[in-house]
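Please treat every number below as a calculation from the coordinates, not as lab data. Remember, predicted model here, so these are calculated numbers, not experimental data. Note that each Cβ is placed from the backbone with ideal geometry, even for glycine, and that neighbours are counted across all protein chains shown.
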Amino acid sequence: MADLAVEGRATVEGRDGEGFEPEVVGFLCNWCSYAGADLAGTSRLAYPTNLRVIRVMCSGRVDPETMIEPFLHGADAVMVLGCHPGDCHYLSGNYQAEQRVRTIWMVLDHLGIDRERLYLDWVSAAEGARFADMVSEFVARVRTLGPAGGGPASREGLSRGEFAFRAEVARRVAGGERFRWLVGRNKALSEEGNVYGEKVSPHKAAALMQSVIADECVRAAIEVLAGEAPVSVRDIASRLGISAQLVLEQAAYLKRRGLIELYDVSGRSPRYVRAGARA
Amino acid sequence: MACETRCPGGKTVGAVLVVGGGIGGMQAALDLAGSGFFVYMVETRPAIGGTMAQLDKTFPTNDCSMCIMSPKLVECGRHLNIDVITNSAVERVEGEAGDFTVTVVNRPRYVDPEKCTGCGVCAQHCPVGAARDTFNAGLGKRPSIYIDYPQAVPLAYVIDRDTCVGCGLCENMCLAGAIRYDDTPRERKLSVGAVVLAPGFRAFDPSVRREYGYGRYPNVVTSMEFERILSASGPYEGRVLRPSDGDIPQKIAFIQCVGSRDRAHGGRYCSSVCCMYATKEAVIAKEHAPGVQPTIFYMDMRSYGKGFDAYVERAKQEYGVRYVRTRVAEVAEVPATHNLIVSFESEDGGVVKEEFDLVVLSVGLEPPEDAGRFADVLGIQLDENGFARTGTLDPLATTRPGVFVCGAMQGPKDIPETVTQASGAAGAAGALLGSARGTLIREKTYPPEKDLRGVGPRVGVFICHCGINIGGVVDVPAVVEYAKTLPNVVYAERNLYTCSQDTQKRIQEKIEEHGLTRVVVASCTPRTHEPLFQETIREAGLNHYLFAMANIRDQCSWVHMYEPEKATEKANDLVRAAVAKAALLEPLERLPIEVKRSGLVIGGGLAGMIAALDLAEQGFQAYLVEAGPELGGHLRKIHFTLGGDDVQAYLRELVSRVMSNPLIEVHTSSEVKEIAGYLGNFRSRVLDRSRGNGEAGAICEVEFEHGVVIVATGASEFRPSGFLYGEHPGVMTQSELEARLASGVWPGQEQEQEQRRGQGKGKATEARGGLGPGLRRGRSVVMIQCVGSRDDEHDYCSRVCCSEAVKNAIRLKEADPDADVYILYRDIRTYGAREAYFEEARRRGVVFVRYPEGQMPVVSRSDDGAGARRGAGCADAYSACTSSDDGDGGSGWLVVEVTDTLLDERLAIPADIVVLSAGIAPNEGNKKVAQMLKVPLDESGFFLEAHMKLRPVDFATEGVFLAGLAHAPKTIDETIAQAHAAVARACTVLASGTIATEGIKSEVMKTRCTGCGLCVEACQYKALDIDPKDNVAKVNSALCKGCGLCAATCRCGALTLKGFTEEEILAEVSALC
């Protein structure tokens, strides 16, 4: 579909620099926010054309990976809109969505992608005007952030390639089992208690999340880089700008799990590739 | 009882007329249609929705009113077995229960609803802008051709003939050809077996209270007008502005009881909802404009419902809403600023004048405008307030058999009470017509689905012009051409209106002609139109779910009217995404699930017995399990009602009806040990200690299968501590007082009574007014309210105690006008028609003393010396007490010390009898039942319903329902209505023997699942659990609602939501970027 996307879109060349038209993908829940968007239409409230909406039954349906996916396809920002707290048609979907977005924000922070590119808010079925204002303001905001991967023209200063790399790392983190387990359990750990019946303090739970994200980001980055070409620990460390020791720890882990394998030894440095990539 | 009434004529018609299309009418219609009856819904307005459609938020959860209501609107509008007849009135009702003939007159709409697409071009062009916008409570203007609100059902415009000048422009603009200037009234005859009345209410017109200046001062508005001001879809888009100058008001005064509790104007009754809606409006105003300072001027804070007190507390603490207890004398305007001077009496009796920017009058609820006509047409009687006359013990039946009533027509009430009564009335009508169930319903039959195996996606795209609504902005022909270039698209065309009848046929022809296997429509919103197109393709042999929609009107042409090129480009993108998704769609099944046609009722009190009887009346087996040795529950302690009904006689009759019904199996002294299974297929184990081969105490275990569970475990009177309760024989609870009033036996008088009985005189008197021989004349009785309610341990109001106290106080006064009766209270909460009894009590000389929060009255023995410190105002009582110093069993008389907030004095009231109005405490056993059924309890320990507003008798767990005191404190009539309602809801499960599951549901890929259980936690409907056999998650498709939370939380990608799979969403993402 990616080739089609280029074909069907006239403004792509305007992405860097002047006349930047942000591409925004929105995930809207069927019952409240999508209805609010419809009401903006019924009320004929104009807002910028940059938003493309995908309807889901519940904001809680939006997978953490799915929140990042649009960035891999060239979107500059993503909106997740649900029902107001307490209004969720499925009782708690919006709370779960909020939890997921908050965690993905931590991942984006860690990777140096501006968290403002992922927007979360609530719109009721009666808030057509609020929806229109929200889209206008958000699109204006994204303009100030600049294009995703727009180099110096963007807030993060990341090149298109670097942005895509980091987004891919984020997507992998969001799809990782360890990360997802914590996202699913985090609230219960601090509110209902752990397997020993102890309540984990929110501070401690957040710290744990932070450290898991740090590890997972390194692991995902190694996997991505090792999937492109044979790389050494030193290569990876200099690419990521972190200590080689940190990389080694995670590379050793991935090696043990059979997720990367030894390719050759270049000089004194062993080089690795993603498992199966050799063939 | 409603369910006793049998259709007399022999003929039973399986259809019901529902009068009124508000939330009550909709609920009744959906429950009836869902349990096998055809429904005609007659609404006077051009659209259904009623008052709730006008509300911004609802208390106490601040839910968006439209958000929670619109699914019901759409369901009513689309239901095959609900005929929605709007803009119409009932003219005549002939015949009798079971077989009525109803004449309905359709007023001319001047627009053909079959042709009108609701696009609104006519209204945009209508040159008349003069009509007052009734939907916005008269704030603002609307054109002569209009719809009430954007989500209106039916979505068809109507011409207001009073203001229309007949210029002809709308006909000219309407490309659908829907305008009918020659429309005339039409008469229809309907044949129905029963009638459910739900016409709602009329708001009190405050202009008769001239002292408040409504209609004279622009900044005095009614609560309904203020509701519209707060609404995001209202005249000011939810900004809090005042009408005179559009400024944001700072100080807002709410004046309560305008048209309520008022002999001179409006009703003598309490309107039941104003304290809460004023609190809500104050809170929401504060949320919308943080600078607002709301003040509520009230008489008693009647926040008596579930969660209401906590809500008011939050309004005070978190939002800083100020509450002033007073009566407002007058509102005057400052002409220069249009500000308002509110004059009211202060606590110390002086008159205070305070300036406000805006005044909101909390107007009361009156009977609907045409209540009198209703009464004539339907042949029903009205009560003294003009509402439909009903009895406490049969609250939903009118005086004409076969005609039931619910909602505000029965008396002022809030949404949950209305919804409960609506379901209850549906249940009562269903019980009456049980034998005709299923005789008149329409069932749709479809051709077999085409076998698409081996056939790749062949997508047909239909793009709508929607008259000029889309075509005027988006270059539709260009989008069609673009669609033709997309992968898998084999056909694309455009239509003037894709939703028109002839286009439906065309789509079906094209499916045949081009062998289409997927259909994409690019038009308005799937929220309103997806079901229509799904039906169309299903009729052509394609599965419902092989359909995708692109919203190029509501979310494109209507919002990008100034950027046609970009709008066209966006339309292309949206079509591309819909086509990409369509290619991946798979046929989904709506599987029918077999249902066991029987119900388990837990609890044999009033609610449980009514529920069991209703189930049996509707033709289903009922298993009634009661923990105690006898049926009756809390009702055994109640002897009479406010209205004077003999409760114990009613109870005896009820028990005998339950015991003699062949479809009810009663287990007393029994306990439910285990409930397994799910909606439609439960299996329970019950320990019955009452049976066992005739040996007393032997236990036998019984097991039964059932389709539904009704939780009616009840509650009990709180057992007070302190107040010398249990230490002094003169201190008793309200129910103990009632037992003595009924029996005539008083503390210390047992001996004397025996003596008298020996002499053949004073028989225990049960007749009304009997004081019995025990209590001497001229005694002093002091009642203390809120014992075990509204305190730190019990943060809720027990709702019934004020009425109980008033009831027993009147009884005492009737028996002995010389008796001194005091009621020490915080707020008197005799809501609704109960207010009249509060008034009667005062008229009879019952003294009401208000004590401050946190300063509970203190009870002591007279020999403590407190009597000497007696305050003003109780000298008479004092003398009454001291003059009768014998017969107290040697315990001496009592003294109650209390701070009177009105006099700001500490009083010491001597008393012979102190009555504690003990609250309602939740059952200890609730926890166990909740765990067994996996349903939640609230913080107070009562069961928590699925939704406070719209699902008051349902649990989130399907197939489990709730009634009576187990839910929250409530009165007898409310309990009866709720029990009827629970069964009506249960019947929507039991009626057809099968239930269809939703096609969009979760699926587990077993090979990927690790059985970690994250999904089980994420699912709010208990639709997932881990199968212990192979340690993988299992979806119970009967319970799955298709929200997809599980798929988004799954750790290993084992769960997917069919209809919204990850692949489908990603296809959309990549097509859009």
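Structure notes:
- Annotation for the stretch B:546-580: chymotrypsin sites (Phe, Trp or Tyr not before Pro) lying in DSSP loop with at most 11 further Cβ atoms inside 10 Å of their Cβ are B:Tyr562.
- HN-Hα J in Hz across the stretch A:83-100 - Karplus 6.51, -1.76, 1.60, θ = phi - 60°, x for Gly and Pro: 6, 4, x, x, 8, 4, 4, 10, 6, 10, x, 5, 5, 5, 4, 4, 4, 5
- Using the Stokes-Einstein relation with a Kirkwood hydrodynamic radius computed over Cα pairs, the translational diffusion coefficient of the protein assembly as shown at 25 °C and a viscosity of 0.890 mPa s comes to 72 µm²/s.
- Amide H contacts of B:Arg261: B:Gly267, B:Tyr269, B:Cys270, B:Ser271, each under 5 Å away and 5 or more positions distant or on a separate chain (H built 1.01 Å from N in the peptide plane; Pro and chain starts excluded).
- Prolate/oblate/rounded label for the stretch A:2-153 (Cα gyration tensor, a/c 1.5): oblate
- Subtracting the Cα-Cα distance of B:Glu594 and B:Glu384 from their residue separation scaled by 0.36 nm leaves 70.7 nm.
- The chymotrypsin sites (Phe, Trp or Tyr not before Pro) of the stretch A:146-229 that meet both conditions, a loop assignment by DSSP and at most 12 other Cβ atoms within 10 Å of the site Cβ, are A:Tyr196.
- Sites A:Arg256 and A:Arg234 - FRET efficiency at Förster radius 22 Å, r taken between beta-carbons, to 0.05: 0.65
- The B:Thr485 and B:Asp791 beta-carbon pair, evaluated with R₀ = 60 Å, returns a calculated FRET efficiency of approximately 0.25.
- The share of Cα pairs per 5 Å bin across the stretch B:101-150, counted from zero up to the longest distance, runs 4, 17, 23, 22, 17, 8, 5, 3, 1 percent.
- Placing a pseudo-label 7 Å from each Cα along the Cα-to-Cβ vector at B:Gln931 and B:Thr1007 gives an inter-label distance of 4.1 nm.
- J(HN,Hα) series, the stretch B:358-365, from Karplus relation 6.51 cos²θ - 1.76 cosθ + 1.60, nearest Hz, glycine and proline x: 8, 10, 10, 8, 7, 7, x, 9
- Residue exposure sequence - B:Ser798, B:Ser523, B:Ser598 - by fewest surrounding Cβ within 10 Å: B:Ser598, B:Ser523, B:Ser798
- Degrees between helix B:564-584 axis and first principal axis of chain B (Cα, 0 to 90, nearest 10): 80 degrees
- Normalised contact order of chain B, rounded percent, pairs of Cα under 8 Å and 6 or more residues apart: 11 percent
- Whole-Å distance, taken between Cα centres, linking the stretch A:215-249 and the stretch B:437-493: 49 Å
- Each label was represented as a point 7 Å from its Cα along the Cα-to-Cβ direction; for A:Glu116 and A:Ala206 these points are 2.1 nm apart.
- Helix B:1062-1072 and the long axis of chain B differ in direction by around 60°, with both axes built from C-alpha atoms.
- Radius of gyration and maximum dimension Dmax of the stretch B:108-184, Cα, Å: 11.4, 31
- Between the beta carbons of B:Arg906 and B:Ile248, assuming R0 = 45 Å, the FRET efficiency works out to 0.50 to the nearest 0.05.
- Helix B:801-815 vs. chain B, principal-axis angle (Cα, 0 to 90°, nearest 10): 40 degrees
- In plain terms, the bigger the Kirkwood radius, the slower the diffusion; for chain B, with that radius from Cα pairs, at 25 °C and 0.890 mPa s, Stokes-Einstein puts D at 77 µm²/s.
- If you take all other residues with their beta carbon under 14 Å from the beta carbon of B:Gly379, and give Lys and Arg +1 and Asp and Glu -1, the sum is 0.
- Averaged over the residues of A:55-68, the number of partner chain Cβ atoms lying within 10 Å of the residue Cβ comes to 6.
- Distances between placed amide hydrogens fall under 5 Å for B:Ser716 paired with B:Ala921, B:Asn923, all partners being 5 or more residues away or on another chain.
- Compared with the direct C-alpha span, the chain from B:Met299 to B:Arg842 gains 193.9 nm at full extension, assuming 0.36 nm per residue.
- Taking label positions 7 Å along the Cα-Cβ direction at both B:Ala996 and B:Ala676, the computed distance is 3.2 nm, reported to one decimal.
- Hull shadow area, averaged, the stretch B:203-366 [alpha-carbon convex hull, nm²]: 9.3 nm²
- For B:Leu937, nonlocal amide neighbours, meaning residues 5 or more places apart or on other chains whose placed amide H falls under 5 Å from its own, are B:Leu944.
- Cross-link pairs exceeding 24 Å between alpha carbons, from the set B:Lys316/B:Lys807; B:Lys596/B:Lys970; B:Lys413/B:Lys970; B:Lys510/B:Lys581: B:Lys316/B:Lys807; B:Lys596/B:Lys970.
- The stretch B:264-285 residues near the modelled B:Glu354 label - backbone nitrogen below 19 Å, point 7 Å along Cα→Cβ: B:275-285
- Mean Cβ count within 10 Å, highest first, over the residues of peptides A:112-119, B:840-847, B:1041-1048, A:258-265: B:1041-1048, A:112-119, B:840-847, A:258-265
- DSSP beta bridges in the stretch B:459-562 [antiparallel fraction, %, rounded to 5]: 0 percent
- Neighbourhood charge, 9 Å Cβ-Cβ cut-off, centred on B:Gly460 and excluding it, Lys, Arg +1 and Asp, Glu -1: +2
- Share, in percent, of DSSP beta bridges within chain B that are antiparallel, nearest 5: 50 percent
- Counting only other chain Cβ atoms within 10 Å of each residue's Cβ, the peptide B:1036-1048 averages 6.
- Spin-label zone in the stretch B:534-565 - amide nitrogen under 19 Å from a point set 7 Å from the Cα of B:Glu509 along the C-beta vector: B:536-542
- Anisotropy class of chain A from Cα gyration tensor, a/c 1.5 cut: oblate
- The Cα atoms of the stretch A:128-279 give a gyration tensor whose axes a ≥ b ≥ c have a/c of 1.5 or more with a/b no greater than b/c, which makes the shape oblate.
- Centroid-to-centroid separation of the stretch B:300-364 and the stretch A:114-162 [C-alpha atoms, Å]: 44 Å
- Take every DSSP beta bridge whose two residues both sit in the protein assembly as shown; close to 50 percent of them are antiparallel.
- A simple rule links phi to the HN-Hα coupling: the Karplus curve 6.51 cos²θ - 1.76 cosθ + 1.60 with θ = phi - 60°, which for the stretch B:15-23 gives 9, 10, 8, 10, 9, x, x, x, 5 Hz, with x for Gly and Pro.
- For the stretch A:9-143, relative contact order (Cα pairs under 8 Å, six or more residues apart, normalised by length) works out to 36 percent.
- Dipole magnitude (debye, nearest 20) for the protein assembly as shown, charges at Cβ of Lys, Arg, Asp, Glu: 1760 debye
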